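Inspection log for the structure reproduced underneath, given as C-alpha cells.
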C-alpha cells in the first residue's frame, strides 16, 4: 500500500506545484519517485505529465486551420485528448462535412468537456478571413492558440511549365492565408497583459529548409513561412506571445494526393518502400509545444522519419516483395530508383505455381532496373489454359468495353481528366470568346500539322484489341498522351460541325405552311430549346464519364457506361441505321437537284449515282479535325443559298407547277394549290395564324416532324466531344450553334411562308420559279450537301467499324495500315447501300418523316433525358454514401449497397425534381415519335401507290410532264 500512498502524495504535490509555474517545483513533485516500484513509477509519471498538459491547456480556445484531414484533423483530436475538460476548439476548413465528422468523433471519445465549433473557412479568401473572428460566437472569440496548418502543394511541374493556377493557389493558401490568419488573431493576443499572451504555431515543412526539383513554388512558400515566423518572433520579443514553427518531413496524408491531382496511385508510390510519419506524430509535437510553460518556446522543430535525411535523401527498402497473394492476384512493389516506386498488379493463371510467379516477376524487375519495359519470353509464360500475365488495374490493360469497369472507376478518371484539361487551358493563357474563335484563323493552340508525322501511330481505345505483349509496353503516360493526341478539334471547329450537322432551313417554310404562324413559331422555339437542353444533358454525362484513360468514342459508349452492353448494342444499331438513312436522304435530295438543273434530260438515277461517286472520294477523310474547314465552307454556302432565294422570292411568284409534289398546301389542303379548271389560274397566296386544316392531322404531324428533323443532330454530339481538345468548351459551341440555327430557321422560314404561303415547297430553293436561280440553288446546295453527307458517312462508318468489324470480326484499328485500307473499301459500299435503301422509298417527304419518327426523335429528344436519369441516379448513389469510393491502386470499388436499393437511393437523394422532369420529357418525346410514326406510315401508304416516284428509274419526281404522260 505504501507505493500507492506515495503516488497519491506525489500527484497532490504536483497539483499544487504546477500552479506556481516553477520548473523546480515541478521537478520536486517526483522527490518520492524512488519509493515507487518501476511499473507504478512510470504510470505515475505519465499521469503527472498528462495532468500538467491538461492544466496548462484548460480553459483555452484553440483555432486550427486545415482541420478537415491530415495533420489538422489529428491535431484537433490530440488537443481534445490532452485536455478533455473545459477546452474550446475552433476547427476550420473548406470541407465542413469533414469538420462535423471530426466534432462528432471528439465528442464520442472525450465527452462534452471539449466544445468543438466547425467553421467553413477558405484561408486563401481574404474576405472570409477578415470576417472570421467577428462571426464567431462570443464564447469562442477569446482565442489563445492559433495553429496555422492549412497548406497544400499542386503538381510537380518545373519552370517554365508550371501551371499559373497552381502557383496562385499555393501562394494564396500557404503564404497569404497564413499572413491573413495571423493578422486576424494577433490583435486578440495583444490585448492581454505584459504586451500580450498567446501561441502562434506555424506548420512549415522540411522543404522550406532545402528546395528540390519539381517543387520550386511549394518550397518557396514554405521558405517564406520560415522567414515570416522568424521575423514575427523577433517583432514580438517584448511580449508573452510565443511564435513556434514545426517543420515536418515525410508524412503520409492527403498532401500527395492533392499534389498529383487526385491520382492516389502516384501518391501511394511516394510512400511505398518507406515508413513515413503519421499525422498523429506531428500532432503530438504541436500539442507538446503549445503545452509548455509560458516561458518556454519550442521555437523551431524539424521532425522526419528515420529513413529520411533531407527532402530528397530517403532510403527505400530493397528488394521488391510480394505483400500478399490471393485470388490469383500478385501485388508487386518495385523500387528501381530509390525515390519513386510503381505499384502494379499482375494476373497469373490459376495453375501458375509460386516458382513461376517469382520467375515472371523477377524478369520484370530486372528489366525495370535496366530501364526497359516489362516483357516475357514465350518459354516463361504459364502453360495450359493460362494466358500471358497482364495488368488488371491499369486502364490500358482493359478491354475496349470491359463490363468489369464500374461507374465509380469511369467517374474517378473523368474527374482527373477534367482537372488536367482545366490546368492545360490555364497554361494556354486567357480564353477567347466563341465569336473570335469563329472569325479568326487557326487557333494558336490548334496543331498546325498532323501529329502523327512526328510520332508513331498513337494507341487508342481501339488498340486494346492488340496482343497482350503490346499492351504491356504501354505506360500510363503513353496511354493518356495517345488519348490527348486524338483530341484536336477546337470550339470553333465544333461550332461549324454542329451547324453543318443540324442546319437545314430549306424545309422551314413548308413546315410553317402546314402548322400556321402561331403553332409554327411556337414549335420551332420549343423544339430548338429542348434540342439545346438535350445537348446539355449529353455534355454533362460525357464530362462525368469520359477520360484519357477510358475515352468515350461514340453515343453507344456513353449508353454502355450507364445502362450496360445490351443498351449499347441497341443504340449502336439504331445510330448506324439513322446515319445510313440520313445519308440516303441527302443523296435523294441532291439527286433531285441535279435532275432539275439538267432540265430532266439526265436520267434521274444517274443523277443520284453521280452524287454517290463523288461521295466515294470525300468519304476518305477520316478525322473530324480535317472536316472542320469543310464544315465552315458548308455553313457559308447554306447562308448564300438562303440570301439568294430570299431575294428571288421577293421578286417572283412561287413555282406553282411543282407545288403538287410537296408543298404545304398539298399536305394539308390540296384545294388551296389546285388551279381553276377554266382559267388555269392558281389560288392566291394564303396565310394562317393557326392550324390551316384541323381535320388534316397527318399533314400537320408531318409538318411537325419536319421541324423535329430540323433540330436533329444530337446523334453526333458525342463524336464531336470525343475529338475536342477541351470537351468542356463544347457547351458554348453547342449553344452558339443552336441560337444561330434557331435564328436562321425563324427568319428564313417566316420569310418563305410570307412570300409563298401554301405554295412553300419542302425544298425551298427548288420552289423558286426562275430556272436560273433554281440552278444556282441546286448547285450550291449540292456542294454543301456533299459535305454534310460526308460527315454523316464518316460517323456512320466509324460506328459500324468499331462495333461490328472490330468487336465481332477482330478488324485492325483505323490507325493501322490495314485499317486504313479497310476504310477505303467500306466507304463506297456504305454510300451505295445508303442510295439503294433511300431509292426504295418512293416519296422524299414521307422518307424524312420516317427518319424523324424512328430515329432522330430518339437521339435528340428521347435518349438524352433517359441517359441523364441513369447518370444522375448512379452519380448521387455514389455521392450520398460516405463509404463509397474507387481505389485506383487496386482497382477495387467499395459500395454500401447494390441493386434496386442503390438505384432508389440515387433517385430519391439526387435532384429528384429534375429526375421527374427527365422522365416526363422522355415520355413526351416517345409519344411524339409514336404519333409521328403513325402519320409517316399513313403518308407512305399513299406514296407507294404512285409507282413513278422512285430513284431506280430515269423519271425525276420533279418532272411534271413525265408524270402527266404516265
For the list (1) under 30 Å from residue 746 (Cβ atoms); (2) modelled with pLDDT of 85 or more; (3) surrounded by fewer than 24 Cβ atoms within 10 Å (Cβ to Cβ), I need the number of the one condition that residue 513 fails.
(3)
May I ask you to say which residue of 39, 10, 18 is surrounded by fewer than 18 Cβ atoms within 10 Å (Cβ to Cβ), modelled with pLDDT under 90 and more than 30 Å from residue 252 (Cα to Cα)?
39
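Yes or no, residue by residue, for (1) over 26 Å from residue 777 (Cα atoms); (2) modelled with pLDDT of 90 or more; (3) surrounded by fewer than 23 Cβ atoms within 10 Å (Cβ to Cβ):
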position	(1), (2), (3)
605	no, no, yes
632	no, no, yes
640	no, yes, yes
660	no, no, yes
685	no, no, yes
694	yes, no, yes
Among the residues of the range 672-681, which ones are within 21 Å of residue 957 (Cα to Cα) and surrounded by fewer than 19 Cβ atoms within 10 Å (Cβ to Cβ)?
674, 675
So residue 481 fits all but one of (1) surrounded by fewer than 21 Cβ atoms within 10 Å (Cβ to Cβ); (2) at pLDDT 85 or above; what number is the exception?
(2)
State all residues of the range 515-558 that are within 27 Å of residue 801 (Cβ to Cβ) and not in a helix (DSSP H, G or I); if no residue qualifies, say none.
546, 547, 548, 549, 550, 551, 552, 553, 554
Return a yes/no flag: does the range 131-140 have any residue that is buried (at least 19 other Cβ atoms within 10 Å of the Cβ) and assigned by TED's automatic domain parsing to the domain that holds residue 229.
yes
Is it the case that residue 700 is surrounded by fewer than 24 Cβ atoms within 10 Å (Cβ to Cβ) and either modelled with pLDDT of 85 or more or within 19 Å of residue 856 (Cβ to Cβ) (or both)?
yes
Within the range 192-221, considering residues that are assigned to a helix (DSSP H, G or I) and in contact with a strand residue (DSSP E or B) (Cβ under 8 Å, 6 or more places away or on another chain), the one farthest from residue 285 (Cα to Cα)
208
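The values are calculated or read from the model by the stated rules, or taken from the named source; none is laboratory data. Note that this is a predicted model, so its numbers are computed, not measured. Cβ atoms come from the backbone with ideal geometry, glycine included; neighbour counts cover every protein chain shown.
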